[in-house]
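The values are calculated or read from the model by the stated rules, or taken from the named source; none is laboratory data. Since we're looking at a predicted model, the values are computed, not measured. Quick reminder, even Gly has a Cβ in these numbers, built from the backbone with ideal geometry, and neighbours come from all protein chains shown. SASA here: full protein model, heavy atoms, side chains in, ligands and nucleic acids out. Shrake-Rupley method; radii C 1.70, N 1.55, O 1.52, S 1.80 Å.
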Amino acid sequence: MTDFERYVLEEHVEDFNDGVISRRELLRRVTLITGSLAATVTVLEVMGCGGQPSGTAATPKSRTSSTPMPFATPPAQPTTDGVTVQPNDPRIKVETITVKGADGAQLISYAARPAHSPAGGILVVHENRGLLEHIKDVVRRVATAGFTGLSVDLLSRDGGADKLTDPAAYAAALGKRQPADMVSDIKKALSSLSATTGVGQKLGITGFCFGGGVVWQTLAAGGAVRAAVPFYGPMPPDVSGLAATRAAVMAIYAEQDTRITGTKDQMAAELNKSGQPYEVAVYPGVNHAFHNDTGARYNAAQAEAAWVATVEWFRRYVP
C-alpha cells in the first residue's frame with residue numbers, strides 16, 4: 001500500500017468514525033483500495049475500527065462576521081452544488097490555460113482571472129475527489145481576490161472527476177499514482193500559470209486535504225513559488241526538502257483533526273530551518289475539511305477566517 005493509499009484509507013475511516021458514512025459504505029470504499037473484502041476486514045481490524053460510528057456529522061455554524069470582504073469568501077451556509085461565485089461574475093473572467101504534463105498529456109484544467117490586471121497567480125490543488133465544482137469555485141474566489149487562479153485534475157489521464165464520478169473510486173485511483181508524478185504535474189501547472197499575463201514569477205499555491213499534502217510534497221521538491229498555504233495536509237514521508245524552500249508558508253490545521261494536526265510541530269521545525277516566514281495556524285473547534293462548503297464538516301465561521309488569512313498571506317508574499 002502506498003503512502004497516498006494509506007492516507008485515503010485513513011480518511012475513509014475518519015468519515016466513518018464521525019458518522020459521515022455508513023459501515024457498508026466504508027467497506028465499499030476501502031475494498032476499492034485493498035482489492036478484496038477479506039483484505040479490507042483485516043485492515044480495518046488492525047486499525048481498530050469498530051462496528052458502529054463513534055460520532056455524528058458536525059452541525060455547520062453560521063458565519064459570525066458582519067464586515068463584508070472585498071473578495072469572495074466561503075458561504076454563510078453549506079452548499080449543495082459548490083457554487084458561490086458564478087462563472088459570469090463581473091469581477092472575474094473564466095479562461096483557458098493549457099497545461100501539459102512532462103509526458104505530453106494535456107491536463108484537465110480550470111482557470112479564472114480578475115477583471116483587472118492580476119497581482120500574480122495561485123495554483124489550487126484539489127482534494128482527493130478531483131477537480132469538482134467546489135474547487136472551481138475556489139479558483140473563482142482566488143480571481144475575485146486579484147490573482148489568476150488555476151487548478152488541474154491530477155487524474156486527467158484517466159478522464160478526471162468528470163469520468164470518475166464515484167468519489168471513492170476516484171480516491172482509490174488517485175492513491176495509486178506516484179507522488180513524484182503528481183508533483184511533476186503540479187510543477188508543469190505552475191509553469192503554465194507563470195506564462196500567463198500578469199503572473200510571471202509571482203506564484204503561490206494552496207491545497208486542501210490530499211491537496212494540502214501535495215502542496216507539502218511540491219515544496220519539499222523545490223517547487224518555485226513565493227508563498228504556500230496548505231490546508232490540513234498530511235506530512236510527506238520525506239520532509240527534509242522543506243528546509244530549503246524559498247516560500248513563505250502558512251500551514252492551516254483543524255484542532256479536532258488530530259491525525260493531521262499531530263504532525264504540525266515536525267512541519268514547523270522543518271520550516272524554521274528554511275529561514276523563510278512561516279506560520280502554523282490551528283483553528284479551534286473544527287475538524288478535517290472544515291473549509292469545504294459541500295461537506296459534512298463545513299464550518300462557515302472558521303472557513304471564512306481561514307480563507308481571509310489565506311488571501312492576506314498571498315497578498316503579502318506573492319506580489
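Below, the figures for the structure above:
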read-out	value
Convex hull of the stretch 153-256 built on C-alpha atoms - directionally averaged projected area, nm²	7.5 nm²
Rounded, prolate or oblate (a/c below 1.5 giving rounded, otherwise prolate when a/b exceeds b/c) for the stretch 200-278 by Cα gyration tensor	prolate
Computed log₁₀ I(q)/I(0) - Debye formula, equal Cα scatterers, no solvent, the stretch 103-192, q 0.16, 0.18, 0.19, 0.23 Å⁻¹	-0.62, -0.76, -0.84, -1.11
Lys, Arg +1 and Asp, Glu -1 on Cβ, resulting dipole of the chain about Cα centre, debye, nearest 20	780 debye
Positive minus negative residues near LYS188 (Lys, Arg vs Asp, Glu; Cβ under 15 Å)	0
All lysines inside 30 Å of LYS202 as judged from Cα atoms, apart from same-chain residues fewer than 8 positions distant	LYS93, LYS100, LYS136, LYS187, LYS188, LYS264, LYS273
Rg to Rh, two decimals, where the stretch 187-319 supplies the alpha carbon set and Rh follows Kirkwood	0.96
Quarter of the Cα convex hull surface for the stretch 265-317, i.e. its orientation-mean projected area (nm²)	4.4 nm²
Residue-by-residue Karplus 3J(HN,Hα) for the stretch 95-107, coefficients 6.51, -1.76, 1.60, Hz, glycine and proline x	9, 10, 10, 7, 10, 10, x, 4, 8, x, 5, 7, 8
Per residue accessible area of the stretch 70-195, 1.4 Å probe, in Å²	38 Å²
Quotient of C-alpha Rg and 2.2 N^0.38 Å, computed over the chain	0.94
Radius of gyration, Dmax [the stretch 184-241; alpha carbons; angstrom]	11.3, 36
Rounded percent of accessible protein surface that carbon and sulfur make up, the stretch 166-319, 1.4 Å probe	50 percent
Paramagnetic reach from VAL282 in the stretch 244-268 [backbone N under 16 Å; point 7 Å along Cα→Cβ]	251-268
